[in-house]
Structures are given as C-alpha cells and as structure tokens.
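All remarks here apply to the structure that follows.
The values are calculated or read from the model by the stated rules, or taken from the named source; none is laboratory data. Quantities reported herein were computed from a predicted structural model and do not represent experimental measurements. Quick reminder, even Gly has a Cβ in these numbers, built from the backbone with ideal geometry, and neighbours come from all protein chains shown.
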Amino acid sequence: MMILLSLPLMLLQLVPPNDALNAITAEKLRTHIAVLSHDSLEGRGPASKGDAKATAYIVSQFKKFGLLPAGENGTYLQKVPMVGVTVDPKAALNISKGKQNVALAYSTDFVVATGIYEPTITITNAELVFVGYGIVAPEQQWDDYKDVDVRGKIIVMMNNDPSSDDPKFFAGKGRTYYGRWTYKYEIAAEKGALGAIVIHTTPSAGYRYEVIRNSWSREMFDLEEKSTAPALRLKAWTTEEATRKYFQLAGYSLDSLMKLAEERTFKPIPLGITLSTSMKTAIKRLETNNIVGKITGSDPVLKDQYLIFSAHYDHFGIGIPVDGDSIYNGALDNASGTSLMLNFAEIFSSVKEKPKRSLLFAAVAAEEQGLLGSKYFANNPTVPARQIAANINTDVINTVGPTRDIFFQGSDRSSLGNDLAMVAKEMGLTVRNDPAPEQGGFYRSDHFSFAKVGIPAMSMGSGRDVVGVDTAIVRMMRERGGKNYHQPSDEMYDDWNYNGALQQAEIVLRIAWRVANIIEMPYWNAGDEFGVVRRKSLEIPNSK
C-alpha cells in the first residue's frame, strides 16, 4: 500500500509544475532575439563592441532573474583568453611543378588560418602529399599515414570520413569526429606537418563553400593556451574546382585519388608539386567572456551537483557584404537558442520549489570559431567538473511549426536519451534518428565540448513531421533557413512560427526537471567512447 501511495508522489517530482510549463511565450522569445540580433550589436563578433553589449544584456537578465554569479571571482563572467589573426586578403598560394604554376586566389579559391602567431607566414617550395582522409583510427584498423614521414610537408586531405552501410564502420552513413575538419588539423599537427589543406566539396562538408568563405575570410580566433604541442603554419581549405586544377598540374585526377582513399590499403601519395606563400597577418591578444549564472538546488546533497544549460551568444560580427549587408546578425544562430536559455533561467528562478540539483546557465562565447567558449569552460569549469551531471545545449529554435516527432543531437549516446524518450511519450511524440547523420552534427555545437571531458550532453533539435502548416510554407521556411545559414540574412522574420519553439521549450523543461531530480547521475551508454573519459578523467564512482 505504501508503494502505491508513494508512486504518484515520485512521478510528480519528475514533472515540472504547470506554471513553469506555461511560462514561455512567443513574445518572450521574440524580445531577447530582437535585442541580441539587432544591427546595433554588429553581429556579436568575439571581443567586439557588439560582444560587450550582448554580454551586458545577458548579465542584466541574470541579475533581473536573481541568478547567483557563477563565473570567476564572484562575478557572472569567466574570461576567455584568445588570439585573433587576420590574414591579409592579398595572400596567394602558388603551387608549382617545375616551371608550371597554379596561383590560387584568397577567398575565391582558398581560405586560410595559421597556428603560428607571427606577422609574416612564409613557406617556400613545401612538398604536397595527399593523405586520403587523413585519419588514424586504430579501432577501425585504419591508418591513412602508414608511418610515412610528413614532417615539413603540406598534406592535402579529404573532408569527412569513409562511408559504408555498416553502422560500426565510422558510423556508417553518419560521421565521426575523424570526419571533422578540426580533427584533420589536429592529427596533421601531431604528425609534424608544416601545413594542411582540407578539400571542400558540398557533399563532404554538408554546406556550400560560401559558408566556409564567409566564416574564414575575416579575423580568426583561437584560445590562447600555454602549450608545447606542435602547430601548423598553414591551415587551409581549397575549393573543389581549385583542387582539381592543382591535382591536374600534378598529373592526378581528384576523382581517382578519392576512390583510392576509400580503401584501408591506401598509402600517402607524394604529388610531385610544391607550395609557396608569404602571408601577412595582423595578430591581437584579446578576451571575450562566458557568462554563467546559478540557481541553487533544494536537496542538501544533490545541490552540489549541476545540470548546465548552454547556448552560444556570439556570431560572426561584420564581414563580407552580401547584397549590401555586412552585419551577420545571427538571429536564429544563435540569438534564438540564447533567448530560450534565458527563458529557462527566468522560469527556474521563479518556481517556488527548486529542483534537487543546482542549475547552471552558461551563455558561451566564440562557438562559431570552433566551440572556443564552451571548450574553455569545459576545461576550466567554475564548479568541479566531476559534479556536473549533464549538459543540455540550445542551438537554433524551430520557427517552422510544431511537429509529431523530435530529435536531440547525441541523445542516443547516454541515459539522457531515456529521459527524452519518457518526455516524448508524455507529450505523444516520436523520437526520431538524426535526419542528417552525414553532416556530423554531434561534433558541431557546444554540447560536444562537454562530451569531450566526459559530461553526458545533448543538443536540442527539432522534428521533421510538421503539424498544421502548409507543405509549401514548410518547404519555403526550410529552404530560407538553409540559405541564411552563416549569412547576413540570418535576421528575424515576421512570419516565424514560434509554436515549434514553444514545443521544444516544453520538452527541454520536462527533461531538465527529470535530470535535476532523479537521484542517479546521468551516464553514457555502455561502450560509448565518452564513458571511458567520464570514468578516467572525472573519476565518477559507480558510473555505468
């Protein structure tokens, strides 16, 4: 009898109160988005005037809601030290074979960054070597380098990772971290290469070259960290068309080399051509901020554990003009996700009975530069890392309409997926698989920084089966969203349908309430690579 009576009470603790579920409105979402994506914030580029304005606004909201400071030194801020490097657009890559030469033009044919902070980056007649996918994955019995010495050379590699119908082989049609451009440069530096070029194709990247061009043809940022690790003098992308030109100069076909690279037996191929360049760079040491607030939990024991909400508040600032507009407002990406997180902060601060675990709200910086703000926080947390139970990230809201299904990036990797499944059942929704696994979305947003240090994490997504909206409108909205990605046209639109975002908000609130109240810590699924990190580096006892 006691069990039957206590069961409803137990279930009630896992469902947020109705006043919390009904607290977010379209108008509240619009209000924060309008402020953060306004032209006066100039696109919120890291360490810019717009960045400072966005920071001040978010801090003001945290104070208004009554959140406790959870940054550094009793403030809401955690300083993120960075280096900004701007490459002179007069830069060119000259690729030669004997007296023959192919000159690649900056922005049109290639974009480039560097890990060496010097005013001039000079490379003279460095040999180019094609290394396939540029992957070393012992667990897949895959090594594209085959112990070939690439020190002092420029390596050229394909984006993505090998594809197959076997989900155990590099995630099948999906993508692993080996397929991310960040990994490509990391392994190239580890191998001692002088530089690395990633070949852009739209299918392998998941987006047009214009996205990379607009992202990279400006000041580029990295964390300023004391490190003895090797760094690349040149980190570049070349377009598919430009790559075909210099491969032809070398006497090779890009298509034939890409085909060879699909085999485990592939070995690096010296291309018999060399690269020379002299690039002027402007270097700045600067700081941006992560903004962190806290709501203390109600349980005397569990309040020392944390569920952390994250959303990146930065975007690309002022960049290449498109149709006369040079401000990259970042309304959807990601003023919208930041707005949602601010609404969660307001709701949880206002409910009378707080959840058992404490809550952190982190507006993180420089995501568009390679998840830099969240990476810095994950490696330098303002609370003990082993006490962070989980991360829920909000990056882009659904402005198309409510759906019958739902997808959260990374939910299939940890017990957070069980919580999503329970909430979906409560709401009559179907949990769907990643609709675009080939784009490697798990590695492209801030939740990945938390996962890398072992914290169970997932990022809010949306469904595809839209309810109550004309099919033509759905198609138009999605096509416009894709066209606006990382463009100045990512602005607020009057025809946004916020009902999908309100549905997402309810899902996140329900999941967060469960995670913040269930006694057991979230855990990675058996065999997941990040579970090993959780046990070893965070020393979580009795983790699954």
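Points worth noting:
- Taken over the stretch 358-399, the residue count meeting the criterion of being assigned to a helix (DSSP H, G or I) and either surrounded by 22 or more Cβ atoms within 10 Å (Cβ to Cβ) or within 19 Å of the chain's Cα centre (by Cα) (or both) is 11.
- Looking at the stretch 50-136, the strands (runs of 3 or more DSSP E) lying wholly inside it that each contain 3 or more residues that are among the hydroxyl-bearing types (Ser, Thr, Tyr) sit at 120-130.
- Subset of the stretch 162-197 [among the hydroxyl-bearing types (Ser, Thr, Tyr), over 18 Å from Leu371 (Cα atoms) and either part of a helix (DSSP H, G or I) or touching a residue at least 40 places away in the same chain (Cβ under 8 Å) (or both)]: Ser163
- Sole residue being outside any loop (DSSP other than H, G, I, E, B) and in contact (Cβ under 8 Å) with a residue 60 or more places away in the chain, chosen from Gln487, Gln503: Gln503
- Criterion (in contact with a strand residue (DSSP E or B) (Cβ under 9 Å, 6 or more places away or on another chain) and not acidic (Asp, Glu)) met by exactly one of Gly174, Gly132: Gly132
- Flag if Ile199 is of a type in the set (Val, Ile, Thr), within 19 Å of Thr238 (Cα to Cα) and in contact with a Gly (Cβ under 7 Å, 6 or more places away or on another chain): no
- Residue in the stretch 21-47 that is farthest from the chain's Cα centre (by Cα), counting only those that are hydroxyl-bearing (Ser, Thr, Tyr) and assigned to a loop (DSSP other than H, G, I, E, B): Thr25
- The residue that is modelled with the highest pLDDT, among those in the stretch 411-447 that are hydroxyl-bearing (Ser, Thr, Tyr) and assigned to a helix (DSSP H, G or I), is Ser411.
- Subset tally (residues that are in a strand (DSSP E or B), under 16 Å from Val515 (Cα atoms) and in contact with a Lys or Arg (Cβ under 8 Å, 6 or more places away or on another chain)) for the stretch 290-325: 3
- Residues in the stretch 54-75 that are polar (S, T, N, Q) and in contact (Cβ under 8 Å) with a residue 60 or more places away in the chain: 2 in all.
- Every condition in (1) in contact with a Pro (Cβ under 7 Å, 6 or more places away or on another chain); (2) without any contact (Cβ under 8 Å) to a residue 12 or more places away in the chain is met by Ser415 except one, and the failing one is (2).
- Counting only residues that are free of Cβ contacts under 8 Å to residues at least 40 places away in the same chain and either in contact with a helix residue (DSSP H, G or I) (Cβ under 7 Å, 6 or more places away or on another chain) or in a loop (DSSP other than H, G, I, E, B) (or both), the stretch 448-484 holds 1 of them.
- Screening Gly330, Gly272, Gly324 for residues that are touching a Gly at 6+ places or on another chain (Cβ under 8 Å) and not assigned by TED's automatic domain parsing to the domain that holds Ala113 leaves exactly one candidate, Gly330.
- Members of the stretch 184-238 that are among the charged types (D, E, K, R) and farther than 21 Å from Val102 by Cβ: Lys184, Glu186, Glu190, Lys191, Arg208, Glu210, Arg218, Glu219, Asp222, Glu224, Glu225, Lys226
- Annotation: of all residues in the stretch 400-435 being within 21 Å of the chain's Cα centre (by Cα) and under 15 Å from Asp465 (Cα atoms), the one that is surrounded by the fewest Cβ atoms within 10 Å (Cβ to Cβ) is Asn433.
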